[in-house]
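Worksheet for the structure shown next.
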Amino acid sequence: QSVLTQPPSASGTPGQRVTISCSGISSNIGSNTVNWYQQLPGTAPKLLIHSNNQRPSGVPDRFSGSKSGTSASLAISGLQSEDEADYYCATWDDSLNTWVFGGGTTLTVL
Amino acid sequence: EVQLVESGGGLVQPGGSLRLSCVGSGFTFSSYSMNWVRQAPGKGLGWVSYINSDSRTMDYADSVKGRFTISRDNAKNTLYLQMNSLRDEDTAVYYCAREWGVGWRRSLDYWGQGTLVTVSS
């Protein structure tokens, strides 16, 4: 059981816009910034979004993040086949004093 | 270019020990806190352990407390995870990850490629 709640799966067709949600509580998402990671099959997680909505250098602007209260979202616009991957949200939890992760969302491009 | 390279994984029997290493390059290793994160086969990510830049502060997930020890050698740009009394449920790919930021704004911004630990008789 993950501390942060994500839908297990999401899907879309090429060119579509897809959103993935991440739900937490006051001690984690409510108090700290949210990060999003992309994990392509057989590879390590890669930082996609940090500080709720900031893209590291090299991440396409098709990826965007937002946060409101104790929930966050990752949006992917102009969906491409190469976006098929697992996506994880993560943040620090002030009560647990640990990093906490969502269970991951597997994105399928139909 | 920031790089983190793990090594030391392998097959070990339950109750056995293993030491993982993670060598950092392309950044000032001694300036950053570091973490270990693991991923069991087919499962999600789980935080394992944290160490700050000067080794004054360490922390562990409850599931590994008392069995795993994190350490670092800043002169060698290397992070370690000593794993003792290994259990079947410790089977996972272990990633080292650099921590950026402080307080309410932080991120695990760079990850190694991972090293597989398999605990089985």
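What the table below lists for this structure:
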| read-out | value |
| --- | --- |
| Cα gyration tensor shape for the protein assembly as shown, rounded if a/c is under 1.5, else prolate or oblate | prolate |
| Gyration tensor verdict on chain B (Cα atoms; rounded if a/c is under 1.5, prolate if a/b is larger than b/c, oblate otherwise) | prolate |
| Signed unit charges on C-beta, dipole axis of the protein assembly as shown, positive-most listed residue B:Thr57, A:Ser81, B:Thr115 | B:Thr57 |
| Cα radius of gyration and Dmax for segment A:54-101 (Å) | 13.2, 39 |
| Lys, Arg +1 and Asp, Glu -1 on Cβ, resulting dipole of chain A about Cα centre, debye, nearest 20 | 180 |
| Cα-centre dipole for chain B with unit charges at Cβ (Lys and Arg positive, Asp and Glu negative), debye to 20 | 140 |
| Residue order, fewest to most beta carbons within 10 Å, for A:Cys22, B:Cys22 | B:Cys22, A:Cys22 |
| For segment A:42-110 versus segment B:8-28, the gap between their alpha-carbon centres in whole angstrom | 27 |
| Kirkwood-based shape ratio for chain A, expressed as Rg/Rh from alpha carbons | 0.95 |
| For chain A, share of DSSP beta bridges that run antiparallel, in % to the nearest 5 | 85 |
| Whole-Hz couplings from phi, Karplus 6.51/-1.76/1.60, listed for segment A:62-67; x for Gly and Pro | 5, 9, 9, x, 8, 9 |
| Cβ-based exposure ranking for A:Thr91, A:Thr98, B:Thr78, in which fewest neighbours within 10 Å come first | B:Thr78, A:Thr98, A:Thr91 |
| Restraint check, A:Lys46/A:Lys67; B:Lys43/B:Lys76; A:Lys67/B:Lys76, Cα-Cα greater than 30 Å | B:Lys43/B:Lys76; A:Lys67/B:Lys76 |
| Relative exposure of B:Glu1, A:Glu84, B:Glu6, judged by other C-beta atoms within 10 Å (fewest first) | B:Glu1, A:Glu84, B:Glu6 |
| Gained length - B:Ser25 relative to B:Asp54, 0.36 nm times residue gap less alpha-carbon distance | 8.7 nm |
| Phi to ³J(HN,Hα) by Karplus 6.51 cos²θ - 1.76 cosθ + 1.60 over segment A:10-19, Hz, x for Gly, Pro | 8, 8, x, 9, x, x, 6, 10, 10, 10 |
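Bear in mind these aren't lab numbers, they're just calculated from the coordinates by the rules spelled out. Here the structure is a predicted model, which is why all the values come from computation and not from measurement. Because the Cβ atoms are built from the backbone with ideal geometry, glycine has one as well, and the counts that use them run over all protein chains shown.
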